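This report refers to the structure that appears directly beneath it.
The values are calculated or read from the model by the stated rules, or taken from the named source; none is laboratory data. Values in this document were obtained by computation on a predicted structure and should not be read as measured data. For neighbour counting, all protein chains shown are included, and Cβ atoms are generated from backbone atoms with ideal geometry for every residue, glycine included.
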Amino acid sequence: MNYEVRGNIALLTLNSPPVNGLGLPLRQAINEHFDKALADDQVQALVITSAAKLFCGGADISEFGTDKALAEPGLPAVCDRLEASPKLVVAAINGMALGGGCELALACDYRFAHPSVKVGLPEVNLGLLPGAGGTQRLPRLAGAEVAVQMITSGAPINAKKALDAGIVDQLAEAEGDFVEAALAYTQSLLDQNTPVRTCAELSVDTAELPENFFADFRKSIARRTRGFFAPERCIQAVEAAIELPLAEGLKKEQELFQACMSTPQARAQQHLFFAERAATKIPGVDPKTPLRPVNKVAIIGSGTMGGGIAMNFLNAGIDTTILDLSQEALDRGLGVIRKNYEITAKKGKLTEQQVEERMALLNATTEYADIADVDLVIEAVFENMDIKKKVFATLDEVCKPGTILATNTSTLDVDELAASISRPQDVIGLHFFSPANVMRLLEIVRGGKTADDALLTTIKMAQTIKKVPVVAGVCWGFIGNRVLEPYGREAARLLLEGATPAQIDKVLYDFGLAMGLPSMIDLAGIDVGYLTRQGNKEAFYGRDPAYTAICDKLNELERFGQKTGRGFYIYEGRDKKEDPEVMQLAAELAKEHGVTQREISDQEILERTIYMLINEGAQVLEEGIAYRSSDIDTVYCNGYGFPGHRGGPMQYADEIGLDTVLAAINKYRNELGKYGEEWFKPAPLLEKLAAEGKRFKDYAA
Ligand code: 3H9
């Protein structure tokens, strides 16, 4: 941290890369320099700013759970001291101010900000609430509505909104020396004898607060925050800001903060924060490897997937060409993209001008020669190896040397495809999730010969288009679909054994998943699953004919799911109803395959589906398909609707204990007869780690 006195103002500059995390050393430094400024008679005011791009990313999350987090001075105490300062303190917010960084600014008397900044309290995403006064000071400055919205969503707001809400007092000019401007602003406050200002003297203005505001707000976020502990505590803390004087409100905030911090949910969500960042680091690959440029991109195929993929690049301002076989297909594809943008514009999330800017970046062609000079091609044609090989052969012929050739596949063998052309080092798999312009996950499949620079360039490209990249090795289904397979198998098998689709859905939904498996299959299309199975008959039909019986039967009956109005359920508009015919069908198939139907407990459903998913995760980890268990968690929480508050399947297993998972798998192995013996084989890594009393996160290949 830097300290200097300019005239009669002390300038404290946070300088703790990468994000000015408020760990113990920085907290100590702030206190020390604050004391120095108070003791210096020449100093009449303090300005706190940052030497980095960011103002401050908040508390140092890596300290949580360690002694350092508890060591004094704690962040609440640092903020309280700033607030109680007899000398004027101004936060000069030069870049993003998040969490504790925002709270530090809120504890200052005035806030001066660059117009490009964002401020926010994202603690809820870590299973927490702002614990350094944010829940008490923000409502006093900006009102309860703004505060409760910001604190429960965790979403930052821009400088203009912060100014309008009273969070920021003045914005700097966009150009010019920001620090000089902040000093001049502070000097003007001194010149006007502006008094110090403390939130303790303010109460929350509730005059305009709608009747039943909190009850209605709770209802409005109930579905989104289902099962999460922190959001309700965030609301309670803001309610306390209205009801209590500042000092008591701060105490209440601390109680609620500690209650959140001690939950498995907070551990899970903090695990996910670091998991997403760890996923971009590839063991054995030098992160300083020079990257290839990605300025021009081509997408092969203008269908739903190709169009969705293209939108990601257009959104990031990248020149994009879509190639398809016919002009008619292209016209249709481009029409869908435009329509999607126009719908977004109607919702007020894009301006007309932004729509046109994006469309202007989009080119369409039927000629491969037109994409010869692009830096990255993503093939998004029909999921069939022969068709994909033909496309790759043409790309091999026409594309300039060094073009990264990516295949968008959810299951196919990337190595086989790479081996079919002359430049396997440039081939990589990119598994986008549908809808490709919305879903955050991008599984990057690293072939045996994929060059390191192609891999790192693709990871960087994923971040540029705001995806969460996770690198997987080559196997059927990579990480996501491979691990999903036993989960799906158990759900399908449980249906034959007597569970209903609604019971399975409810158990998984109550666990926190976005939806249960029968609903998910109905949404994705029963025919889509059928086609996938046809592509890998050995895996799906080789060992147990009962396994796919129910889905195959529904496919045969053309009950494809939501799109045909019938699948596991009957759909009428948005409503779905249970269908006794499906239960009848399951009973008949059970008889046919010699499966005895019985009452199935909710616990059995949960354990057989989720624990077998975890077991396959262990297998994937041991085989090196995933580099670390947290990569599997990142895949599941960003692409498969696994609840963030569980931290992903592997974190969940670590939390409940690997011995618990293993014991249940062995129990079903013994109880389920031949089926149990065949399918409930504990992964060797699960057995090993459980015997050693370790967790998945302790495992490094
Ligand atoms: C809090 O403040 C609690 C208080 O209310 C109460 C306390 C009593 N701590 O994301 P990036 C690391 S809770 C530790 O790639 P970007 C990150 O792991 C906190 N480390 O950069 C990465 O390390 P590595 C509330 C942190 O430019 C490196 O910095 N605050 C922290 O894309 C670069 O990060 C938040 O929740 C941290 N707080 O995005 C904000 N932040 O290179 C969390 C980052 O080894 N942070 N790191 O992988 C973010 O949202 C983004 O990091 C940020 C920068 C937008 C700041």
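Here are the numbers:
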| read-out | value |
| --- | --- |
| Tally, over the stretch 595-644, of residues that are in contact (Cβ under 8 Å) with a residue 24 or more places away in the chain, of a type outside the set (D, E, K, R) and over 20 Å from LYS688 (Cβ atoms) | 19 |
| Total residues in the stretch 38-70, condition within 14 Å of the ligand (Cβ to nearest atom), farther than 26 Å from ALA268 by Cβ and free of Cβ contacts under 8 Å to residues at least 12 places away in the same chain | 0 |
| Elements of type helices (runs of 4 or more DSSP H) contained in the stretch 244-352, each with 2 or more residues being modelled with pLDDT of 95 or more and within 30 Å of GLY65 (Cα to Cα) | 246-261, 264-278 |
| Within the stretch 415-445, considering residues that are charged (D, E, K, R) and surrounded by fewer than 24 Cβ atoms within 10 Å (Cβ to Cβ), the one farthest from the chain's Cα centre (by Cα) | ARG423 |
| The one condition in (1) farther than 30 Å from THR225 by Cβ; (2) of a type outside the set (A, V, I, L, M); (3) under 21 Å from the mean Cα position of the chain (by Cα) that GLU692 fails to fulfil | (3) |
| Selection within the stretch 444-477 - within 16 Å of the ligand (Cβ to nearest atom) and either over 17 Å from TYR627 (Cβ atoms) or basic (Lys, Arg) (or both) | LYS460, MET461, GLN463, THR464, ILE465, LYS466, LYS467 |
| Count of residues meeting criterion [surrounded by fewer than 22 Cβ atoms within 10 Å (Cβ to Cβ) and within 8 Å of the ligand (Cβ to nearest atom)] in the stretch 22-37 | 1 |
| Any hit, the stretch 127-140, residues being surrounded by fewer than 22 Cβ atoms within 10 Å (Cβ to Cβ) and assigned by TED's automatic domain parsing to the domain that holds GLN254 | no |
| Any chance ASP426 is away from the ligand (no atom under 16 Å from the Cβ), in contact with a Lys or Arg (Cβ under 8 Å, 6 or more places away or on another chain) and over 26 Å from ILE337 (Cβ atoms) | no |
| Pick from the stretch 592-609, criterion acidic (Asp, Glu) and surrounded by 14 or more Cβ atoms within 10 Å (Cβ to Cβ), ranking: nearest to PRO501 (Cα to Cα) | ASP602 |
| Selection from the stretch 370-409 of residues that are surrounded by fewer than 20 Cβ atoms within 10 Å (Cβ to Cβ) and touching a Phe, Trp or Tyr at 6+ places or on another chain (Cβ under 9 Å) | THR394, GLU397, VAL398 |
| Sole exception among (1) touching a Leu at 6+ places or on another chain (Cβ under 9 Å); (2) within 19 Å of VAL294 (Cα to Cα); (3) in a helix (DSSP H, G or I) for LYS389, by number | (2) |
| Filter pass, THR194 being surrounded by fewer than 19 Cβ atoms within 10 Å (Cβ to Cβ) and either within 11 Å of the ligand (Cβ to nearest atom) or touching a residue at least 12 places away in the same chain (Cβ under 8 Å) (or both) | yes |
